[in-house]
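Beneath this line is the structure, given in structure tokens, with notes to follow.
The values are calculated or read from the model by the stated rules, or taken from the named source; none is laboratory data. Predicted model, so just to flag it, every value in this text is computed and none were measured. Don't worry about glycine lacking a Cβ; one is built from the backbone with ideal geometry, like all the others, and counts go over all protein chains shown. The accessibility values were calculated without ligands, DNA or RNA, using every heavy atom of the protein model including side chains. Shrake-Rupley method; radii C 1.70, N 1.55, O 1.52, S 1.80 Å.
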Amino acid sequence: MAGNEEFKTQKQAIAWADLKESKQRNRVLYAQVIGIETKEIGNNREEVLKLDYEGFEGYLPKTLIDDYEFKGLQSFVGSMLEFVVNYVDMEAHIFGADRTKALEVLASKFWRNAKEGKSYEAFVRGVDPYNVYVLVEGVPAKMYRDDFSYTFFENLQEVVSIGDILEVQLTEIEKPSDSNKEGRISVSKKALETDPWDFISHYKEKGTYLGLIQKVHMDHGLFIDLPHGIRVRTNFPPNTDHRLLQEGEKVNLKIQSIDTNKREIKGIVITPRQGAYQAKRTRTRGIYNGR
């Protein structure tokens, strides 16, 4: 593109005007991360996220992404990130971005309008086995595993990644004050889900139902999901070939008792396919031995 700002389309002209306005007035914009590069910034070489804003390329230095300590940037590729422009190259039509400033602007607006019970989009900035660390309109929050879902996940890193967008409910607000200048919020993804125990009337004691093995744990037994998302933990059935009991396999679960106060179901797994499995093994072994 020429430096005289003659653009091929009106859309390009509007987009470039947006970028200049962002630099002048700290207007928050959103761009997609399309790559990772290393760039000379001042006297240093620094990793940057390459951004695409309506066809214009920009760069976001790693140090201006967030004050969270990221182990790597790969998870950001493909994400949409908020930013404020801090530099424009009028000749090359390239811009520099600052996300930390954008988060400050968003947080200021958030505190003016935040309400408990309201739903927000949360950006995942970090995750460990027990917690998800998110940003809600620029404000950080730590979401515990118990607030993530009615479904139990032993390791949240298996289901959540940096850059994911989660819909959450604001469950607690402590606005900035003299004693806590940054403020604090609590959020829950679980609060927006339907409680599986709303469907417990669909199941009866002594009844047998089709379930799906979600987790096999040698110490704790089987974790089985019934329809409607109700999860049951059972011991391994006695005298059963454990090769029948693999994650993703369907089994029959006979319910022994239902305790609605403790939200607990006790049951046993019935594996009617075991005989067929053993017969198949015998036939296979017979063919292999040439019998």
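For the range 155-204, which residues satisfy the criterion of being touching a residue at least 60 places away in the same chain (Cβ under 8 Å) and under 30 Å from K254 (Cβ atoms)? Once the filter is applied, which keeps residues that are touching a residue at least 60 places away in the same chain (Cβ under 8 Å) and under 30 Å from K254 (Cβ atoms), the range 155-204 yields W197, I200, Y203. Could you say whether any residue in the range 198-205 is surrounded by 13 or more Cβ atoms within 10 Å (Cβ to Cβ) and within 28 Å of W111 (Cα to Cα)? No, the conditions are met nowhere in the range 198-205. Of D146, D164, all but one fail to be open to solvent by 40 Å² or more (accessible area, probe 1.4 Å), at pLDDT below 95 and over 9 Å from the mean Cα position of the chain (by Cα); the exception is D146. Candidates are the residues of the range 91-115 that are under 24 Å from the mean Cα position of the chain (by Cα) and in a loop (DSSP other than H, G, I, E, B); the one that is nearest to T63 (Cα to Cα) is A114. The residues in the range 59-68 that are of a type in the set (V, I, T) and in a loop (DSSP other than H, G, I, E, B) can be counted, and the count is 1.
Residue pairs whose Cβ atoms lie under 7 Å apart, separated by 6 or more positions or on different chains, with the first residue in the range 17-33 and at negative phi and the second of a type in the set (D, E) and not in a loop (DSSP other than H, G, I, E, B), are R27/E21; V28/E82; L29/D18; Y30/E82; A31/D52; Q32/D52. When we screen D241, D195 for residues that are modelled with pLDDT of 90 or more and open to solvent by less than 60 Å² (accessible area, probe 1.4 Å), the only hit is D195. Might you let me know whether the range 100-113 holds any residue that is at pLDDT below 95, touching a helix residue (DSSP H, G or I) at 6+ places or on another chain (Cβ under 6 Å) and of a type outside the set (F, W, Y)? Among the residues of the range 100-113, not one is at pLDDT below 95, touching a helix residue (DSSP H, G or I) at 6+ places or on another chain (Cβ under 6 Å) and of a type outside the set (F, W, Y), which makes the answer no. For the range 69-90, which residues satisfy the criterion of being open to solvent by less than 70 Å² (accessible area, probe 1.4 Å), in a loop (DSSP other than H, G, I, E, B) and under 22 Å from A141 (Cα atoms)? Within the range 69-90, F70, G72, L73, S79 qualify. The residue of the range 33-58 that is most open to solvent (accessible area, probe 1.4 Å), among those that are farther than 15 Å from Q74 by Cβ, assigned to a strand (DSSP E or B) and out of contact with any Gly (no Cβ under 9 Å at 6 or more places or on another chain), is R45. Remark: pairs (first residue in the range 205-225, farther than 14 Å from F152 by Cα; second residue in a loop (DSSP other than H, G, I, E, B) and of a type in the set (A, V, I, L, M, F, W, C); Cβ separation under 7 Å; 6+ apart in sequence or on different chains) = G221/F236.
When the criteria are applied in full, A122 meets the requirement of being part of a strand (DSSP E or B), closer than 22 Å to F70 by Cα and not aromatic (F, W, Y). Note on the range 161-228: enclosed strands (runs of 3 or more DSSP E) holding 1 or more residues that are over 15 Å from K142 (Cβ atoms) are 165-174, 208-217, 221-226.
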